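Note sheet for the following structure.
Only the coordinates and a few stated rules stand behind these numbers; no lab work does. Note that the structure is predicted; figures quoted are calculated from it, not measured. Counting neighbours? That spans all protein chains shown, and the Cβs are built from the backbone with ideal geometry, glycine included.
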Amino acid sequence: MKPAPFEYHAPERVEEVLDLLAAHGDEAKPLAGGQSLVPMLALRLTRFPHLVDLNRVAALAGVTRDDGPLVIGAMTRQADVEGDGAVAAAAPLLARATPLIGHFQIRNRGTVGGSIAHADPAAEYPAVALALDAEVEIAAKGGTRRLAARDLFVGTWTTALEPDELLVSMRLPVWGDGSGFAVEEVARREGDFALAGVACAVRVDGGGRVERAGLGLFGVGPTPVRAEAAEASLVGEPTDGVDPTEVGRLATNGLDPPSDVHASGAYRIRVTGHLVEQAVRRALGEARGG
């Protein structure tokens, strides 16, 4: 099929993008890598009278870090994240999740901001953003604001962004020494969306106790899920006293994942518990070694 008719805009500055979004409201849609939006338009699962192409807006791409968080521009390609040494050093969890996204052709076009703003509950980046306590920077004609990732995702393919707002960057805290990370997922085939997955981050203090933990689950609900009870069970525990199986049980307690042609909800719960257990073991092992 072909998409419904639309007017194409190709601005070169962020200010032009914001002017277009303000003028057209919910009739306009930003176009980043197009790996999700273009197929949806072609199948007429969605339609917008105005498409605002962000690919010529150079200011939206790039990775920077001073003494604070790692800042990744919304139009930074996933392939660039995958090969960036600064990302690997400051946000290993993001670097490790990136190769799991589709195939290299997808990552060559797909963007960080596009994945976050698309808010697919089976995608890796939103879960990573939750686990790391990331923030996003959002711009509109009236100014900018920052929003915690935990407040961004409100439903399937739905975020707290207003029609006239643009996600311009993601800010990732650097967890520092004594940290460990792991990403685990199950998919039917390499490159497919995950049936279930987990992004795990832990930090261990000098006394060998867990002082910080983040667990972001994906593929198990209408949004990525922060496993707060499981995180709380980790914090304060000596690393050799953690029961990863119990952490997995707490992470899946209360989940109600969907059933579809690929997997039942019950299967997703069982798999998620195992993935959490495995991720916690690996992250703790890395934290102890680091």
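Let me know the shape class of the stretch 202-263, please: from the alpha-carbon gyration tensor, a ≥ b ≥ c as square roots of the eigenvalues, rounded when a/c is under 1.5, otherwise prolate if a/b is greater than b/c, or oblate. Prolate, since a/c reaches 1.5 and a/b exceeds b/c.
As a rough footprinting exposure proxy, the listed residues Lys2, Lys141, Lys29 were ranked by other beta carbons within 10 Å of their own, and the order from fewest upward is Lys2, Lys141, Lys29. By the count of other C-beta atoms within 10 Å, a proxy for reagent exposure, Met75, Met40, Met170 are ordered fewest to most as Met40, Met75, Met170. Could you tell me which of rounded, prolate or oblate describes the stretch 179-289, using a ≥ b ≥ c as the square roots of the eigenvalues of the alpha-carbon gyration tensor, with rounded for a/c under 1.5 and, failing that, prolate when a/b is larger than b/c and oblate otherwise? Taking the square roots of the gyration eigenvalues as a ≥ b ≥ c, the stretch 179-289 is prolate. The order of the peptides 264-277, 237-250 by mean Cβ neighbours within 10 Å, most packed first, is 264-277, 237-250. Size descriptors for the chain, from the alpha-carbon set: Rg then Dmax equal 19.1, 62 Å.
Using alpha carbons only, the radius of gyration of the stretch 1-105 set against its Kirkwood radius gives Rg/Rh = 1.04. Taking Phe104, Phe193, Phe218 in turn, the Gaussian network model of the chain (Cα-Cα springs below 10 Å) assigns the largest fluctuation to Phe104. Listed peptides 119-130, 16-27 appear in the order 119-130, 16-27 once ranked by packing, highest mean of other Cβ atoms within 10 Å at the front. For the chain, adding -39500 (n - 2.57) for each run of n ≥ 4 DSSP H residues and dividing by the number of residues yields -9000 deg cm²/dmol at 222 nm.
A simple charge model with +1 on the Cβ of Lys and Arg, -1 on the Cβ of Asp and Glu and nothing else charged puts the dipole of the chain at about 600 debye relative to its Cα centre. The mean sequence separation of alpha-carbon pairs under 8 Å and at least six residues apart, normalised by the residue count of the chain, gives a relative contact order of 16 percent. Note that the stretch 7-51 carries a Kirkwood radius of 11.1 Å, evaluated over its alpha carbons pair by pair. Sorting Trp157, Trp175 by the number of Cβ atoms found within 10 Å of their own Cβ, with the fewest placed first, yields Trp157, Trp175. Using only Cα positions of the stretch 61-172, each an equal point scatterer, no hydration layer, compute I(q)/I(0) via Debye at q = 0.14 Å⁻¹ and quote the log10 values to two decimals. Reported log10 I(q)/I(0), two decimals: -0.50.
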